[in-house]
Every structure is written in structure tokens, then in C-alpha cells.
Amino acid sequence: MKKYILFLVVLFVVVSCEEDVRFNNPSFQGMKNNVFWRAVQAKATLASDGSLLIEAYTGSEVMSLKMTSSTVQKYPLGTSNSKTAVYVINQGNNEIKYTTGIDIGNGEIIITDYDAENSTISGTFKFNAKNVDDSSSADPVLNFQQGVFYKVPVSVLVP
């Protein structure tokens, strides 16, 4: 009798095992002013000149990371207008825009993987972007740390 009970217990344990795995592909997230932030949608566009634009969206926010190419390397921010981070918050009729540019803000975008076969891009980012509206009552600087984009789909812009 003990063997039957042991057999039933083992059978229930084996049958009740379930593997519920969820993948976060694609993903775009980071720490915005020390608070976790995650986009609900992300996409990347490769232009005919080789430049790359990665955009991430939430309900009222848009982040854009712009680079000169999709090459695996580090892209410094705050040194040019061809490599920028822009963050826009829409609050009804009011729009708050933070950006980097020539001598505006600082940071870096690092592309760690560009998979041309599957058309995805992955990497990391961090930056301090300046509020471009000096009359705004919003924070003068937006800080993003520990930013990650993973397997964001890349579409190619046809001229």
C-alpha cells in the first residue's frame, strides 16, 4: 500500500511541474532620475546614410537615441548633433523636451550587438540631458543610468 501512495505522490509531482517562461524581447529600459523606467514599445530605423535612430515609447513619453552608424562601438553624447539622446514628455498641451547636443549634456550609447540577419540591435546607454525650455518649471536636467536596449527590431529606410 505504501508503494502505491508513494507512486501517486511522485506521479502528481511530475505531472504538476510546469515551465512558465516569459521573455522580454525586445526590451528598452533604464533608471530615469533613479526610478525604474521601461518602454512599452521600441523600434530602430537604419537610414540610407547609415545613421541609426532608436525610439522607445510609453503612454506619454518618447525617447530617441540617434547615432551615426549601427557599428558595434561607443558613441559619446554631448559632443555633436549627429549623436544625441532626446526625451520628450507630453502633458496635455504642455511638452517638456530634454536633449543632448554640442556642449549640451553628456553620456554615451554603446552598441553591443547588431544582428543584420535577424534585424535586431542591442546595447546600453546613459546620459544627462538638458531641459531646452528655460522657462519650464520642470527639472533642468534629466538623468538616465543603467539603460539597456535588447533585440530592438531594426527596419531599413528605403530612399
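Assorted remarks:
- Subset of the range 66-81 that is within 20 Å of LEU142 (Cα to Cα) and among the polar types (S, T, N, Q) - its residue that is surrounded by the fewest Cβ atoms within 10 Å (Cβ to Cβ): ASN81
- Residue match in the range 24-33 (condition: surrounded by fewer than 16 Cβ atoms within 10 Å (Cβ to Cβ) and closer than 15 Å to ASN143 by Cα): yes
- Within the range 127-148, restricting attention to residues that are within 13 Å of the chain's Cα centre (by Cα) and either under 15 Å from VAL86 (Cβ atoms) or of a type in the set (Ser, Thr, Tyr) (or both), the residue that is surrounded by the most Cβ atoms within 10 Å (Cβ to Cβ) is PHE127.
- Checklist (1) outside any strand (DSSP E or B); (2) more than 18 Å from the chain's Cα centre (by Cα); (3) in contact (Cβ under 8 Å) with a residue 40 or more places away in the chain applied to ILE96, failing item: (1)
Any read-out appearing in this document is the output of simple, stated calculations on the displayed coordinates, not a laboratory observation. For clarity, every value in this text was computed on a predicted model and none was experimentally measured. Cβ atoms come from the backbone with ideal geometry, glycine included; neighbour counts cover every protein chain shown.
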